[in-house]
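Q: Before I ask anything, here is the structure I am working with.
Readers should treat all values here as calculations from the given coordinates under stated rules, not as data from a laboratory. Predicted model, so just to flag it, every value in this text is computed and none were measured. Methodologically, a virtual Cβ is constructed for each residue, glycine included, from the backbone with ideal geometry; neighbour enumeration extends over all protein chains shown.
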Amino acid sequence: MPMLVYTYFDFDGGRGEVARVAMHIAGIPFEDRRIPPKEWPARRDSTPFQAMPVLEVDGKVIAQSNTINRYVGKLAGLYPKDDWEAVRVDEVMDAVEDITTKIGQTMRIEDDAAKKAAREALVAGPLPRFLQQIEARLQAGGGEWFVENRLTVADLKCFYWVRWLKSGALDHIPADIVDKHAPLLAKHCERVKTQPKIAAYYAARGKA
Ligand SMILES: N[C@@H](CCC(=O)N[C@@H](CS)C(=O)NCC(=O)O)C(=O)O
């Protein structure tokens, strides 16, 4: 196993949580370097794309969450060996990344009225559409897991996005948007959350 150092915000969610949790639940040894938000500005320019997460593998650095998710997914046994099944995982992760980026753009808007308008525009079209499209991929996979009838990094990627939407943490995005437009994704969120190793990980962190 290579020497792994994973760097992401000190936060139990977000883009970076997929690979972090994959390594934890697979028992892969790694340094979990958690960055407090106040330290980020001083670190930004030292990362390849001025963003986190970042993974060091034997001292070599890679970035981009889905790239890291694939690499870690392979190490953790949470990524298919079959090429066709693998692209189905990639497709879901990239779709979740697309809509995450759209939501993320609204977080940078400082003016409250402009932020409200941008979020309402997402709620009026892109968000329900992505929810339904991603739910259709879950259905195509059998309804419980996206690919290979088992947990993969695609399920983790979707889980953190859906959990974020359902948390109510995003002003002007109704917390019931997932239940309303993609009930299977809401059930999938519960299914992932209650996987014994995932539940045990958050219980150990006092976040159950
Ligand atoms: N496409 C990149 C996006 C990375 C990204 O935007 N990361 C956020 C945290 S989730 C970040 O570093 N934000 C701080 C900033 O942009 O200054 C990826 O998937 O890793």
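Q: Quick check: from the Cα gyration tensor, does region 53-208 come out rounded (a/c under 1.5), prolate or oblate?
A: Prolate shape, in that a/c is at least 1.5 and a/b is the bigger ratio.
Q: Right, another one. Let a ≥ b ≥ c be the square roots of the eigenvalues of the Cα gyration tensor of region 4-77; is it rounded (a/c under 1.5), or, if not, prolate (a/b larger than b/c) or oblate?
A: Cα axes put region 4-77 in the prolate bin.
Q: Hey, what number do you get for the chain at 222 nm if only DSSP H runs of n ≥ 4 count, each worth -39500 (n - 2.57), divided across all residues, to the nearest 500?
A: Result for the chain, helices only: -17500 deg cm²/dmol.
Q: What are the principal axis extents of the Cα atoms in region 1-135, in Å, biggest first?
A: The Cα atoms of region 1-135 stretch 49, 41, 23 Å along the principal axes, largest first.
Q: Grab the other residues whose beta carbon is less than 15 angstrom from that of M52, score K and R as +1, D and E as -1, and report the net.
A: My count for the surroundings of M52 gives -2.
Q: Sort W40, W145, W84, W161 by Cβ crowding within 10 Å, fewest neighbours at the top.
A: If I rank by nearby Cβ atoms, fewest first, I get W84, W40, W145, W161.
Q: So, one more: Looking at the chain, identify the longest residue range that excludes and avoids all trypsin sites (Lys or Arg not before Pro) in DSSP loops having at most 12 other Cβ atoms within 10 Å.
A: No qualifying site falls inside 109-204, the longest such stretch.
Q: With respect to the cross-link table entries K38/K116; K187/K207; K180/K207; K38/K74, which display a Cα-Cα separation exceeding 31 Å?
A: K38/K74, as the Cα separations exceed 31 Å there.
Q: Can I ask one more? Only bridges with both residues in region 4-77 count here: give the DSSP antiparallel percent, nearest 5.
A: Antiparallel bridges: around 60 percent, rounded to the nearest 5.
Q: Take the alpha-carbon centre of region 119-171, take the same for region 1-77, and report the distance between them in whole Å.
A: Measuring centre to centre over Cα atoms gives 22 Å.
Q: Under unit Cβ charges (Lys, Arg +1; Asp, Glu -1), what dipole magnitude, rounded to 20 debye, does the chain have relative to its Cα centre?
A: With only Lys, Arg, Asp and Glu charged at Cβ, the dipole is about 320 debye.
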